[in-house]
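Shown next, in structure tokens, is the structure this report addresses.
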Amino acid sequence: MSPKVLIIEDEEKIARFIELELGYEGYTTTKAFDGRTGLELAETGQFDLVLLDVMLPQLSGMEVLRRIRRTTSVPIIMLTARDSVMDKVSGLDSGASDYITKPFAIEELLARIRNALRKTMPEDAGVLSASGLLLDAGRRTVTMLGKPIDLTKREFDLLHFLLKNKGMVISRETLLENVWGFDFSGETNAVDVYVRFLRGKIDEVFNIKFIHTVRGVGYVIKDEK
Ligand code: CA
């Protein structure tokens, strides 16, 4: 069954764009152009995920978020136009699962939606693969062409996140948030350091190009067949 996504966004162009893109990905969507309608729809409990704009007429996104949280634990991704730490922190404090700053790349939004849904849906324990590498999320093992690869917890989590989003370029910021947690106090080059560790154990040992750098954007694992 396709996941049902509620889009609460008063900018109709953005709402339609998201609806179209999610439709291509197999999601079923419903749109609401103001906070009150959005809240009423969310309270029906029929959605698997809510995309919630912060700046909304009638009821603000923050207020909608607080009220949705009284009745349901549905994953909520906040769409914020302002890249202020305050918004993010108060959103996450009020129970948002994640946030994304507008304007955003649709791939980024799709990655976050998948990630938010994964936390509520059980498919997380599956086996992921790319170019002969197998990652068993349940057993927490990694092999390349049958040979085991020993990874630290952080290396494993980083590889896991990149594999879950195979084929998509993931920014350092997204990796930091999802692998290191919502904590920007660390060094942003932690990602580069850990990618280097992974390459040391995968790319160099097996003499392949496994983790690709996209200059100025981030990293991607492609399935080379
Ligand atoms: Ca708005």
Exercise. Does any residue in the stretch 10-34 that is more than 17 Å from Gly61 (Cβ to Cβ) and assigned to a strand (DSSP E or B) come within less than 6 Å, Cβ to Cβ, of a residue that is of a type outside the set (Asp, Glu) and within 16 Å of the ligand (Cβ to nearest atom) six or more places away or on a different chain, and which pairs are these?
Worked result: Thr29/Ile7
Exercise. Before we move on, is Thr30 surrounded by 14 or more Cβ atoms within 10 Å (Cβ to Cβ), touching a strand residue (DSSP E or B) at 6+ places or on another chain (Cβ under 7 Å) and either of a type in the set (S, T, N, Q) or not assigned by TED's automatic domain parsing to the domain that holds Leu59 (or both)?
Worked result: yes
For this session: Please determine, by comparing only the residues of the stretch 35-45 that are in contact (Cβ under 8 Å) with a residue 24 or more places away in the chain and part of a loop (DSSP other than H, G, I, E, B), which one is surrounded by the fewest Cβ atoms within 10 Å (Cβ to Cβ).
Result: Gly45
Exercise. For the stretch 201-225, what are the residues that are assigned to a helix (DSSP H, G or I) and of a type outside the set (Phe, Trp, Tyr)?
Worked result: Lys201, Asp203, Glu204, Val205
For this session: Could you run through the stretch 150-167 and say how many residues are crowded, with 19+ Cβ neighbours inside 10 Å and either among the charged types (D, E, K, R) or under 12 Å from Glu108 (Cα atoms) (or both)?
Result: 3
Exercise. Within the stretch 43-70, how many residues are among the polar types (S, T, N, Q) and away from the ligand (no atom under 12 Å from the Cβ)?
Worked result: 2
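Tell me which strands (runs of 3 or more DSSP E) are completely within the stretch 46-134 and hold 3 or more residues being more than 30 Å from Phe210 (Cβ to Cβ) and at pLDDT 90 or above, or say none if there are none.
Numbers: elements: 49-53, 76-80, 98-101, 127-130.
Correct list: 49-53, 76-80.
The values are calculated or read from the model by the stated rules, or taken from the named source; none is laboratory data. Bear in mind the structure is a predicted one, so any value in this text is a computation, not a measurement. No Cβ is skipped: glycine too gets one built from the backbone with ideal geometry, and neighbour counts run over all protein chains shown.
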